Amino acid sequence: MNKKAAAGIALAVNGQKRTVAGDPNRPLLYVLRNDLGLTGAKFGCGKGQCGACSVLMNNEAVRSCQVTLAQAAGKSITTLEGLGDIKTPHPVQAAFIAEQAAQCGYCANGMVMATVALLARTPEPSLDEAKQALAGNLCRCGTHRRILRAVMRASGRAQP
């Protein structure tokens, strides 16, 4: 076992410093879910293609199934749980609730995290920019229109 794994790897998750021991090549998704009990990020495809496991790393949406524990070291990680809660949801979460944008919930985490990242860099995106930002996230239920309405609602540019 290398020294980094034995000593643990320091992470900043949802504003809290955490130290995680173990294989530095283990996917961040497994660390978040299994070690830290943060289950908002879902295991979808395991190949970085569906977006269900998305988290924010330094305010950019990344696929946590493709990021290793070592790659996350020293970075700011935000999970769905770090955005808001049932009493005080993040504005994006509130918009998704208002638009009933989640049906089965498979894609919801990825869609929310991609939207938060989009609005951080483009506070008032066009509908086309929203579509492009979410293009890499799969939705099996077909709630794309509601999801896009939620994105536009969260940006303050509600669409009919």
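The numbers here are math on the coordinates, done by the rules we state, and not lab data. Being a predicted model, the structure only gives us computed values, none of them experimental. When we count neighbours, we look across all protein chains shown, and the Cβ atoms used for this are built from the backbone with ideal geometry, even at glycine.
Given the DSSP H assignment, sum -39500 (n - 2.57) over each helix run of at least 4 residues in the chain and divide by its residue total; what's the result at 222 nm in deg cm²/dmol, nearest 500?
Mean residue ellipticity, 222 nm, calculated: -9000 deg cm²/dmol.
Which net charge results for the neighbourhood of residue 144, defined as the other residues with beta-carbon distances under 12 angstrom from its beta-carbon, given Lys and Arg at +1 and Asp and Glu at -1?
So the environment of residue 144 carries a net charge of +4.
From the Cα trace of the chain, what convex hull volume per residue do you get, rounded to a whole Å³?
On the way: hull volume 16.2 nm³, N = 160.
Dividing the Cα hull volume of the chain by its residue count gives 101 Å³.
Can you give the local net charge around residue 60? Use residues other than it whose beta-carbon is closer than 14 angstrom to its beta-carbon, Lys and Arg +1, Asp and Glu -1.
+3
So how do 69-82, 126-139 stack up, highest first, on mean other-Cβ count within 10 Å?
Top to bottom by mean Cβ count within 10 Å: 69-82, 126-139.
Taking the Cα centre as origin and putting +1 on Lys and Arg beta-carbons and -1 on Asp and Glu beta-carbons, what dipole magnitude results for the range 1-137, to the nearest 20 debye?
I would put it at about 580 debye.
Measure up 47/131; 42/131; 87/131 against 24 Å on the Cα-Cα distance and list the ones that go over.
With Cα atoms farther than 24 Å apart: 87/131.
To the nearest Å, what is the center-to-center distance of the range 119-160 and the range 17-38, using C-alpha atoms only?
30
From the C-alpha gyration tensor of the range 9-87, pull out the three semi-axes of the equivalent ellipsoid (sqrt of 5λ each), sorted largest to smallest, in whole Å.
Working: eigenvalues 54, 50, 25 Å².
With the √(5λ) rule applied to the range 9-87, the semi-axes are 16, 16, 11 Å.
For the range 3-82, what is the charge dipole size about the Cα centre, in debye to the nearest 20, if Lys and Arg each add +1 at the Cβ and Asp and Glu each add -1 at the Cβ?
160
Stretched out fully, how many nm does the piece from residue 81 to residue 45 gain, at 0.36 nm a residue minus the Cα gap? It would help to have the intermediate numbers written out before the result.
Details: separation 36, 0.36 × 36 = 12.96 nm, distance 2.12 nm.
Taking residue 81 through residue 45 to full extension adds about 10.8 nm, to one decimal.
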